[in-house]
Amino acid sequence: MRRLQPSGAGPLAWCGILLATTLALFLFQHLLWLVLPFLFGLIAYYFLYPPVQRLVFAGFSQEAAANITVGAFALLLIVCFALMLPWFAAHAVSVQDTGQRYLQGGLTLLNETLRALEAQSRFMRDAHVADAVSSGIARAGEGFAQERLPALMLGVAAWLPSFLLAPFLAYFFLRDGRRFQRFLARAVPNAYFERTLHLLYEVDRTTRAYFQGLIKLTVLDAACLAIGLWLIGLSSPLMLGLITAVLAWVPYVGSILGCAVVVMVAATDFPGSPGVAYAAVGLFVFVRLLDDFVFMPLTIGRSLKMHPLVTVLMIFVGGAVAGVAGLLLVLPLLGVVMVIGETASIVAADPRLRARHAHARRLRLQSVTRDLG
Amino acid sequence: MRFFGRDDDHAALQPLRQIKLFSSLTARELKVVYGLRHERHYLAGEIVFDQGDEGQAIYAIVEGEVEILRAEGGSPHRLALLAPGEVFGELALLDQAPRAAQARALSDCRLVVFFRADFMSLLETHPKIASKIALALARHLGGRLRQANAGARQEGHL
């Protein structure tokens, strides 16, 4: 009987964790049709988890609570969809026109800003920056419309059925999550059982904290942006706030895209006043700073307990290995791999646990060979 | 749905009824507790947990016997011999202190295991059930304390 508690994961284990996360991202890149619905299923699961827990608290069984919650949520979606469908059918053409109008508004603002800069700077004037950027965007737009857009639309159409998996996954996570955890635990040898189950709880706690933090962060971001945009005087501030907050799920790229959307709307709604667009950019930067320094540490940051340097490094690695999907997946994946890696390295490095497992195997062998002479 | 095995077999609750910690629970309450349990099988001589391990779970004996040993002066000294219906490792539910003794299966055993995290969530979701279990646990610990006091008196420490 010993008593030396093993310390935390060492540098080798940490290298393994970062490498495993990168490898997983590389593999996931080829399985996006499954990974992304799984991710959205997880987000839906953690979104619906609190009401399910409240129903369990009120005395319902886990199964009944999951059925009621998912049923009510599905009903709500169907009602919303039914209410939105006539409006969408009537405005489908104008929605497309509005998109083009906002895009044109954004490009006009960019062109005017560059021309204003050219007027101030001889260097920019000599380089014909405004003309170069305008023609570059026009070429890229034409190329995108002719070459990329059909493939993109086909890809979205092919992916749509796999996204239908997300609600089913969320439902089964809610209903059978605990049972699945026990099913996994049965495969673990007795010697490692207590530690491994603790690991499973930690993985669950980490992912739950991350996704619930993400949902809270989205609500806070959307509310701040909506209030700011409403004060500036932009149209549909709530919708814009929500779109930009959801886009921010993708680190860096999402934020830039969200900012671009807000600027395009501002430039189109107020064509003669670039000050409004600049105010929108200022608001966006302010909310981003608020997000990074106040909201994020209060929500997601606390859940992952990661060093900021590792977080930033892995975001870059995620983007380089698996593009936009990598940016989206890298943090939750790193959180899970980190918990698994840390615990696995502690368990594997514990000689007493290994000795106990070997002892149990010997006992099992003796018990099944007792009558064989 | 048979993939993970359904837990709604009424007869399956029977082993839990004989565990002292759950003796005051109704059938419905027992079903909630049943959903939280893990079941493990140990062979005679197999170690359930070691003295000094980080305790994460409480164990209850459904079948077989378990001995509780403490290393004193290099050699293990038996503190208790536990039979079906009894629980051990209960301090893990209360704190995260290291295990005070080693638990070893004396015969082939079937144990049910409850994790502290599950018990903590039970406190939030089903406070009535959790309070019944906590009361039974307090009684159980009181009994252990009385036993320890009696032992100390016999040895002339008190």
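Tabulated results
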read-out: In degrees, nearest ten, helix A:149-163 long axis to first principal axis of chain A (Cα); value: 40 degrees
read-out: Neighbour-count order for B:GLU90, B:GLU63, fewest beta carbons within 10 angstrom listed first; value: B:GLU63, B:GLU90
read-out: Size descriptor, Kirkwood hydrodynamic radius, that averages inverse alpha-carbon separations across the stretch A:9-108, Å; value: 18.4 Å
read-out: Label-point separation, A:THR98 to A:ARG364 (7 Å along Cα→Cβ), nm; value: 6.3 nm
read-out: Shape box of chain B [Cα atoms, principal axes, largest first, Å]; value: 57, 32, 25
read-out: Helix-only [θ]222 nm of chain B, DSSP H runs n ≥ 4, -39500 (n - 2.57) each, per residue, nearest 500; value: -10500 deg cm²/dmol
read-out: The stretch A:202-297 - convex hull of alpha carbons, volume per residue in Å³; value: 78 Å³
read-out: Highest-first arrangement of A:173-185, B:71-83, where packing means the average Cβ count within 10 Å; value: A:173-185, B:71-83
read-out: Exposure proxy order (Cβ contacts within 10 Å, fewest to most) of A:ARG139, B:ARG110; value: A:ARG139, B:ARG110
read-out: Helix A:308-348 vs. chain A, principal-axis angle (Cα, 0 to 90°, nearest 10); value: 20 degrees
read-out: 0 to 90° range, to nearest 10: angle between helix A:62-120 axis and chain A longest Cα axis; value: 40 degrees
read-out: q = 0.16 Å⁻¹, the stretch A:14-62: log10 I(q)/I(0) [Debye, one scatterer per Cα]; value: -0.65
read-out: Extension gain, A:PHE286 back to A:LEU117 (0.36 nm per residue minus Cα-Cα distance, nm); value: 58.4 nm
read-out: Within 10 Å of each Cβ in B:35-45, the average number of Cβ atoms from other chains; value: 4
read-out: Per principal axis, descending, Cα span of the stretch B:36-128 in whole Å; value: 43, 27, 16
read-out: Over the stretch A:253-373: Kirkwood hydrodynamic radius from C-alpha pairwise inverse distances, Å; value: 19.2 Å
read-out: The protein assembly as shown: Lys pairs at Cα distance under 16 angstrom, eight or more positions apart or on different chains; value: 4
read-out: Value at 222 nm in deg cm²/dmol, rounded to 500, when DSSP H runs of n ≥ 4 in chain A each add -39,500 (n - 2.57); value: -29000 deg cm²/dmol
read-out: Per-q log10 I(q)/I(0), the stretch A:156-263, q = 0.12, 0.20 Å⁻¹ (Debye; single scatterer per alpha-carbon; no solvent); value: -0.66, -1.06
read-out: Dimensionless Rg/Rh of the stretch A:124-184 - Kirkwood Rh, Rg from C-alpha atoms; value: 1.47
read-out: Estimated vicinal HN-Hα couplings, Hz - the stretch B:79-89 in sequence order (Karplus 6.51, -1.76, 1.60; Gly, Pro = x); value: 8, 7, 10, 10, 10, x, x, 8, 10, 8, x
read-out: Hydrodynamic radius (Kirkwood) for the protein assembly as shown, which is based on Cα pairs only, to one decimal in Å; value: 27.7 Å
read-out: Taking the C-alpha atoms of the stretch A:60-162, convex hull volume expressed per residue in Å³; value: 188 Å³
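Quick note: the coordinates plus some simple rules give every number you see, no bench work behind them. Values in this document were obtained by computation on a predicted structure and should not be read as measured data. Backbone-built Cβ (ideal geometry, glycine too); neighbour counts: all protein chains shown.
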